[in-house]
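The values are calculated or read from the model by the stated rules, or taken from the named source; none is laboratory data. Nothing here was measured: the structure is a model prediction, and the numbers come from that model. Side chains included, ligands, DNA and RNA excluded: accessible areas come from the protein's heavy atoms. Shrake-Rupley method; radii C 1.70, N 1.55, O 1.52, S 1.80 Å.
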Amino acid sequence: MVKKRTVTLGIDPGLKGSLVAVDSCTGEFVECHNMPTTHKPYGMGKGQILSTLGLARIIKNLDPDFVALEVVASRPGQGVTSMFNFGCNFYGIVGVIAALDIKYKLVTPKQWQSIYARKSVWSKAESIRLAKLALPGLPVEGPRGGALDGVSDAGLIALWGFKEGRK
């Protein structure tokens, strides 16, 4: 009988965020998914929102034994509507994880970043550089060479979950 691989899932909760699975025993990269989105329903304006159904399907298929989810917070200069939408996205993710009865931990950017670098300033470039080193095979660059910082952040969050999150 073949033993099923267990995974730890890291989630960067933005609409341009990602879900990255690492092996729960070794910490090696397993799989990556963009945050699933769908068009806003009529009357809610233009743009995209989280597809909770798509998210549930991805998470159920990965069947993680643990999820590390980055906590969101408002930043100076962000609009009320964008923060409301971001909060709805975040709690939609929490709801899916809870409904699937998966153990999870919320992690601040400062917490997960601190295990990789003791810097007061963190950049997208630093996230991508560290993710490339820590998770060979993680697709941190798009097809046209553009950086995918949502992927690199989710990968590093997954490694935080693997190393520190279960404590």
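Among complete DSSP H helices in the chain, those whose alpha-carbon atoms stretch at least 18 Å along the helix's long axis and whose mean Kyte-Doolittle hydropathy reaches -1.0 are 80-99.
The share of accessible area on the chain that comes from carbon and sulfur is 57 percent, using a 1.4 angstrom probe. In the elastic network of the chain, a GNM with C-alpha springs shorter than 10 Å, the most mobile of 150, 77, 17 is 77.
Counting only heavy atoms of the protein chains, get the accessible area per residue of the chain (1.4 Å probe) and round it to a whole Å² value.
58
Here the relative contact order of the chain, from alpha carbon pairs under 8 Å that lie six or more residues apart, stands at 31 percent. Evaluated over the chain, the count of Lys pairs having alpha-carbon atoms less than 15 Å apart is 9 (only pairs 8 or more residues apart or interchain). Quick check: from the Cα gyration tensor, does region 1-118 come out rounded (a/c under 1.5), prolate or oblate? Oblate. Choose one answer from 81, 26, 37: the residue with the largest mean-square fluctuation in a GNM of the chain with alpha-carbon springs under 10 Å. Looking only at 81, 26, 37, the largest GNM fluctuation is found for 81.
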